[in-house]
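Bear in mind that the values in this text are calculations on the coordinates, not laboratory data. No experiment lies behind these values; they were computed from the predicted model shown. Methodologically, a virtual Cβ is constructed for each residue, glycine included, from the backbone with ideal geometry; neighbour enumeration extends over all protein chains shown.
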Amino acid sequence: MTPDRRSRSAPLAMSMKYLPLIWSNLMRRKVRTICTALSIFVAFLLFGALLSIRAGFARGVDLTGADRLVVSQKNAFNQPMPLGYRDRLAAIPGVAAVSYVAWFPGVYRDPRNDFPILAVDTNGWFEMYRDLWTVPPDHLARWKSDRTGAIVGQDLADRFGWSIGDRIPLTGTMWPRRGGGAWDFTIDGIYNAGPASGRNASLDLMFFHYAYFNDARIVGQDFVDSYRVRVADARTSGEMAERIDAAFANSAFETTTSTENAFVRAIAEQIGDVGTIVMAILAPVLFTILLVCGNTMAQSVRERTNEVAVLETLGFTRERVLGLVLVESLILPLAAGGLGVAAWLLIQRTNPTSGTVPMSSLSPFEIGFAVLMAVAIGVAASVAPAWQVHRLTIVEALRRGR
Amino acid sequence: MWKQVLAVTVLNVRSVPQRLGSSAVTVAGIAGVVVVFVGVLSMAEGFLRVMTTGGDLRTAIVLRAGASSETGSMLDMDTVRLIKDAPGIGRRDGQPRASAEFVVVVRHAQAGTGKAMNVILRGVEPAAFDVRGEVRIAEGRSFQPGHYEVILGRGVARRLGNMTTGQSVRWGGSTWNVVGVFDANGGSVESEVWCDIDMLQQAFRRHNAFQAVYATLESPESLDVLRTSLEADPRFEVDVRRESEYYAEQSRALTGLITTAGAFIAFLMAAGAIFGAVSTTYAAVISRTREIATLRALGFGSTAVACSVLAEAAVLALAGGAVGAVMAWMLFDGLAVSTLNFQSMSQVAFAFSVTPQLVTRGMAYAVAMGLVGAMWPSWRAARLTIVDGLREE
């Protein structure tokens, strides 16, 4: 039982050697240990969830291309731009491709079934967004030759149980159709996440031909909502945006051009400072739970004052006893916290909010932060009682009851 | 038996100061949960309040059939004229009390950060000030018809500190002069900018385009008259709603998101706090093993002992709930923020609102957590055998 005084064993080796001792200490009050562990588990599960949401709001936007620009009406959102700008944009040096989009507010059967429907350029849209969305070549070819065809996202198809060839009548809430009645579409294709889209692929959109939309509507013909421009060299995006705006300055429709990245971020930022809100929630959550756990853990050390004295009587050095207490206090938060974060990572895979709350996977930095938190709890919980024990002489400690 | 419960509970509660440390931890744990619970819900409450203020029962809104918001609706001039003359809409001086409106979401750089902010620029007819009685000019004057002039809602004026009366701004290829600021009882229109609809249509080249008709009904009951006559008319397809219902629909997505997220967080936190409460209450029971055994030996029943453990936990939880609610109120009540309303893609300013109902809910939640946490320890206390208990050192 007398420990080997000659070897200065590393903490890990020490904890391996004394694992049974530490284990029996932890299991001294099973209920307390299990409750503390569950509490820490939940705290770290929440930690994972909140940081994923925070990262989702912060990072989701980085996935969009840097070589794509959005050209819209100056200082306005979703206001029409003349179709004639397409050729003028294409003529600007440095522009590799131009596409365009118009929003079609509409519903499927019931006003509650409302999802984004976009009228797009037949020959440029999916080519421009090849990195974000993948359409099988046969689907794309069928769509291009079908005037009233539509391509829908996988999630949208799943939601309504649509398959290729289905006829879908939509009510246009903004754009009346020539001759009245519903707008009929045929599902020609289903798109999925492209190679660069990651989690935030937006698979709940519907696309159809701008040409069909333009010919069949009564008002607003030959206008689109925004242009998408791919620049030949992504490094010149900023400069190209300025060049485009300069080209249309003092024209009937002045433009605001930004990279798609900046465009999406400007919208995301307006949701509010999600990061601050998340941290404001997280701080009291962690503080509270950790306070409770820290107290319980410290209590369990205090209770054993005389046992510590027994260990010292048996020849354990003070340092070794302190080390044992510390390791014991670290094991609980590290194990329970680690399981909590792991549980969240598993839950996240199942997409619990089905895309309504943006989430992103945790970075190594955030995982490292979680580990650091767990270590901090362990140290905070053990330092004070360990110090008290340390100051007592064996005799005093042995004399102490429980 | 109730006397026994009371006696033991009083004894327990009076001994709390001796166990101040662990009792304080229980209280703090529950307080933390209540702060977050009340805080998150007060955000949803504040948003809902802004969105539904000004939803007058006597005001109706007419949109194109199926449109869920103004930005997704379109009405032409003839339709608008027919709607205004429909039965059920009140009249003043022979004119229908109705305003046909058109909204454009414009961008403007915010003061300080310089970040772009989406704002609703609403073109209205003169009757709008009659229909929306809550709108009052607070500074400067109203816009003149036929001029490129705008008035700012109170919330916009505050957020865009760089845009004040006397200045001008470029939207839709025209230069607009800011001539005044208006209040609307704190409702969501305070997050909008208003102008003359003709000028808005000209500036954005949207001639004869309208999105909604706001009308004052003859009486709150006239909604059905208006609805029956408009929705039955084959010449156009429109939906008639009460303004208050429309506003509630507009806020549903965001309040739903906040409440769901808040409930999820509160649920997990509660789980964490309950485990904490179990271990502290359990520790309290264990440390009083002899005391409990002595009470039992004196003739107190096991139910009385169990109930007293529960009662003590409830008292501590209530204290925690009260501390949490007060902290939430101090931290969050009145906190002004703004967010993007996805229904219109524009900013809505609102303030967190800690209501008495939320405080009550928070306290009830606290007590429930305390009781659940004390269930098992109280059962243990009740099952204690007297002899074994007395033998404990």
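For the reader, a short list of remarks on this structure follows.
- When you restrict to C-alpha pairs under 8 Å that are six or more residues apart and normalise by the size of segment A:68-232, the relative contact order lands at 39 percent.
- By the combined test of axial Cα extent (at least 27 Å) and Kyte-Doolittle hydropathy (mean at least 0.5), the qualifying DSSP H helices of chain A come to A:30-59, A:274-303, A:318-349, A:364-391.
- The magnitude of the dipole of the protein assembly as shown, with charges of +1 and -1 set on the Cβ of Lys/Arg and Asp/Glu and taken from the Cα centre, is near 3480 debye.
- Cβ-placed point charges (K, R +1; D, E -1), dipole of chain A about Cα centre in debye, nearest 20: 2140
- Segment B:317-360-segment A:136-172 distance, computed between alpha-carbon centres (Å): 44
- Tensor-based shape of segment B:247-303 (alpha-carbon gyration tensor, a/c under 1.5 rounded, otherwise prolate or oblate): prolate
- Residues B:195, B:307 in ascending order of nearby Cβ atoms (within 10 Å, fewest first): B:307, B:195.
- Share antiparallel - DSSP beta bridges, the protein assembly as shown, percent rounded to 5: 80
- Bridges between two residues of segment B:66-236, per DSSP, are antiparallel at a rate of about 75%.
- Considering only A:153, A:49, A:94, and ranking their Cα positions along the charge dipole of chain A that arises from unit charges at the beta-carbon of Lys, Arg, Asp and Glu, the one farthest toward the positive end is A:49.
- Electrostatic bookkeeping for residue B:231 treats Lys and Arg as +1 and Asp and Glu as -1; over the other residues with beta carbon under 9 Å from its beta carbon, the sum is -2.
- Note on residue B:264 and residue B:221: the extension gain reaches 11.5 nm, defined as 0.36 nm multiplied by sequence separation minus the Cα-Cα distance.
- Formal net charge of residues neighbouring residue A:98 (Cβ-Cβ distance under 9 Å; K, R +1; D, E -1): +1
- Helix-only mean residue ellipticity at 222 nm for chain B, each DSSP H run of n ≥ 4 adding -39500 (n - 2.57), per residue, nearest 500: -17000 deg cm²/dmol
- Unit charges at the beta carbon, dipole of the protein assembly as shown: most positive-side option, B:128, B:236, B:167: B:167
- Pairwise FRET efficiency - residue A:115 versus residue A:138, Cβ, R0 = 25 Å, nearest 0.05: 0.55
- Helix runs (DSSP H) in chain B reaching 30 Å along axis by Cα, Kyte-Doolittle at least 1.0: B:20-52, B:302-332
- Size descriptors for the protein assembly as shown, from the alpha-carbon set: Rg then Dmax equal 33.0, 105 Å.
- Counting Cβ atoms of other protein chains within 10 Å of each Cβ in B:260-267 and taking the mean gives 4.
- Calculated SAXS-style log₁₀ I(q)/I(0) at q = 0.12 Å⁻¹ - segment A:68-232, Debye, Cα scatterers: -0.53
- On the principal axes of its alpha carbon atoms, chain A extends 98, 45, 34 Å, with the longest extent given first.
- Projecting the Cα atoms of B:307, B:72, B:35 onto the dipole axis of chain B, where Lys and Arg carry +1 and Asp and Glu carry -1 at the beta carbon, places B:307 farthest toward the positive end.
- About its Cα centre, segment B:138-283 has a charge dipole of approximately 680 debye under the convention of +1 per Lys or Arg Cβ and -1 per Asp or Glu Cβ, with nothing else charged.
- Sorted by Cβ neighbour density within 10 Å, fewest at the top, the residues B:129, A:185: B:129, A:185
- Put in order of Cβ neighbour count within 10 Å, fewest first, the listed residues B:36, B:387 become B:387, B:36.
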